[in-house]
Amino acid sequence: MVLACALLAWATAPTRAHAQDDTPTDERASLERELAATDSVRANDPAHVEAVHRAGWICFLLDRPADAIARFTRVLDLSAPDTTLHDEALQMLGALFADMDWDRDGRLDLASPRARLEDRSILVADRPWLAALYFETARALHLTSHDPEAIALIDHALSRWPTPERGTVLEAACRRHRARQEAMEQLRGTLLETDAICARRASP
């Protein structure tokens, strides 16, 4: 959970610029060299899951979401469920797909998380872990207060993979969070209206 929150805070921060803009040149060059070395290991041993996982992290740090996704999905293919590498790759992918500003221009991208999950140039269909990725992306959206998007994604996932307990529990949490937000917005509106009435009464 700590990893997921840290990733989301970094990956979805609206002020974060491209890595090439805010990463020192020497550090970026070092990451590029490490990525080349890691990919060389993968070329010699395609099933070297630790190397694939590290390459995914480096692509994430270099702000290359599509490249990071390609590597983390490979980790999911190579690793067993409920292992550390598998769970971390799933969290990373959830954060990447929940990030709605890939080009870092400060505006929401035209492509929604669901659209990217269904884009076969980004993600190959019919993987055994695909349902888990939908729910992980929805969880990431919920953690970043994008509850309408999270609920829509869960509803779609439940229509494809009926009645997984994780999805229904998460959907309920999203709806409760959204209800609290709406209540707070209503309260703010009432307070503003009250302030306006008081101001009118106080004016001569």
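Taken together, the values in this text are just the output of simple stated rules run on the coordinates, not laboratory data. Computed from a prediction, not measured in an experiment: that's the story for all the values here. With ideal geometry, Cβ positions are generated from the backbone for all residues, glycine too; neighbour counts draw on all protein chains shown.
Between Asp77 and Leu110, take the C-beta separation as r, use R0 = 35 Å, and let me know the FRET efficiency to the nearest 0.05. After rounding to 0.05, the efficiency reads 0.75. Between rounded, prolate and oblate, where does the stretch 29-82 land on the alpha carbon gyration tensor, with a ≥ b ≥ c its root eigenvalues, rounded for a/c under 1.5, else prolate if a/b exceeds b/c? Oblate, because a/c is 1.5 or more while a/b does not exceed b/c. The trypsin sites (Lys or Arg not before Pro) of the stretch 45-76 include none that DSSP puts in a loop with a beta carbon having at most 12 other beta carbons within 10 Å. Residues of the stretch 61-92 falling in the label zone of Ala47, defined by backbone nitrogen less than 13 Å from a point 7 Å along Cα to beta-carbon, are 78-80.
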